[in-house]
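Readers should treat all values here as calculations from the given coordinates under stated rules, not as data from a laboratory. From a predicted model like this one, the values you see are computed outputs, not experimental measurements. Here the Cβ positions follow ideal geometry from the backbone for every residue, glycine too, while neighbour counts run over all protein chains shown.
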Amino acid sequence: MEERQKFSVLFSVYFKEKPEFLDIALESVYNQTVKADEWVIVKDGPISEELQAVIDKFKTYDGVNIKEVPLEENKGLGIALSYGVPACSHELIARMDTDDIAVPERFELQLAEFEKNPDLDLCGGQIIEFETDPNEPIAERRVPLTQDEIVEFQKKRSAFNHMTVMFKKSKVLEAGNYKHCPLMEDDMLWVDMLLAGANCTNIDKYLCQVRTNRDMIARRGGLKYYKKYKNARKQIYKTGFISHWQYTKTNFIQFIVCIMPKWLRKKVFFGVLHKKSK
């Protein structure tokens, strides 16, 4: 029987995260039908004793190999992940957020895609969103499946659910690795990878249950948030991936969303951008 390809799982954790959410996220990785060969956890600045205790607990689990990458100070997600990618020992790397839940067969499904297509560089999937109980979903976010659809969608919004992706380390580094791009660290990487000729797909299955907050979404507005969004889109525009018209159009739409009343912004997010889960 041919040996499967080894892979790493990459996390970034910082001091504001909740230990109970981290515990659930790591448990979901441990309970996969195909176990990760390595867990790389970037500590984005000093973390609490409670968060460290959760990490230390999983170090005692059979078959778990945890590599910690401590940063002296908080650098932000993009920079933290840029340290994590080269720290991974294996060519395949699965991203995982520290407050979400991976479905048990997530890694098995993604490894099958890379085995089926050796030229594949980036593979994601669909997500279900919940607030407090994973068994009571409130929304879902579906992303395009094929290369052409992904390229076109990425010009407007993220074509991947970042917490579901598995990618090749060599292609990420060839594309320039993660960069500092607040709000769009992942989008910036997808754009760089597509420009570098990455072959991409999304699996039409739910790979993660994602924690969300309707009130937080409602607050995702105002001029301060819009300025961050505009700056991030400007970084993407400078790559040449999107036209000036696409840059202007998405900025205008985001501006309208940002100045909406909170109740209306919530309706747009869950009624248009993220479909309500049935």
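A straight Cα-to-Cα reach below 17 Å connects residue 224 with the lysines 234, 262, residues fewer than 8 places away in its own chain not being considered. Cross-link partners for residue 266 among the lysines, with Cα-Cα distance under 17 Å and sequence neighbours closer than 8 places in the same chain left out: 275, 276.
Each Lys or Arg adds one and each Asp or Glu takes one away; over the other residues whose Cβ falls under 13 Å from the Cβ of residue 70, this sums to -1. With Rg/Rh (Cα atoms, Kirkwood Rh) as the read-out, I listed (1) 1.03; (2) 0.95; (3) 1.05; which label goes with the value calculated from this structure? Given (1) 1.03; (2) 0.95; (3) 1.05, the structure-derived one carries the label (2). Span-like helix criteria (full DSSP H runs; alpha carbon extent of at least 20 Å along the helix axis; mean Kyte-Doolittle hydropathy of at least -0.5) are satisfied in the chain by 244-259. Among 190, 39, 245, sorting on how many other beta-carbon atoms sit within 10 Å of each Cβ, with the fewest leading, yields 245, 39, 190. Evaluated over region 57-188, the count of Lys pairs having alpha-carbon atoms less than 23 Å apart is 20 (only pairs 8 or more residues apart or interchain). Relative contact order of region 112-213, taken over Cα pairs closer than 8 Å and 6 or more residues apart, is 43 percent.
When DSSP beta bridges are restricted to pairs lying wholly in the chain, around 35% turn out antiparallel.
Going from the fewest other Cβ atoms within 10 Å to the most, the residues 255, 130, 11 appear in the order 255, 130, 11. Straight-line cross-link partners of residue 238 among the aspartates and glutamates, defined as a Cα under 20 Å from its Cα and at least 8 positions apart when in the same chain: 152, 174, 185, 186, 187, 192.
With each label modelled as a point 7 angstrom along the Cα→C-beta vector, the residue 205-residue 146 pair spans 2.2 nm.
If I histogram all Cα-Cα distances within region 1-78 using bins 5 Å wide from 0, what percent of pairs lands in each bin? For region 1-78, the binned pair fractions read 3, 14, 26, 25, 16, 9, 4, 2, 1, 0 percent. In this simple spin-label approximation, residue 53 and residue 213 carry label points 7 Å from Cα along the Cα→Cβ vector, and these lie 2.2 nm apart. Taking 8 Å as the Cα distance limit and 6 or more residues as the minimum spacing, I'd like the relative contact order of region 7-213 as a percentage. Relative contact order, region 7-213: 26 percent.
Placing +1 on each Lys and Arg Cβ and -1 on each Asp and Glu Cβ, with no other charges, gives the chain a dipole about its Cα centre of roughly 1900 debye.
Ordering 94, 160, 193 by the projection of their Cα atoms onto the charge dipole of region 84-219, which places +1 on the Cβ of Lys and Arg and -1 on the Cβ of Asp and Glu, puts 193 at the extreme positive end. For the chain, excluding the exposed loop sites themselves (GluC sites (Glu not before Pro), DSSP loop, at most 15 other Cβ atoms within 10 Å), the longest remaining stretch covers 132-278. Magnitude of the charge dipole for region 153-216, about its Cα centre and with charges confined to Cβ atoms of Lys, Arg (+1) and Asp, Glu (-1), is about 120 debye.
Find how much the distance from residue 195 to residue 135 grows on full extension, using 0.36 nm per residue of separation minus their present alpha carbon separation; answer in nm with one decimal.
17.7 nm
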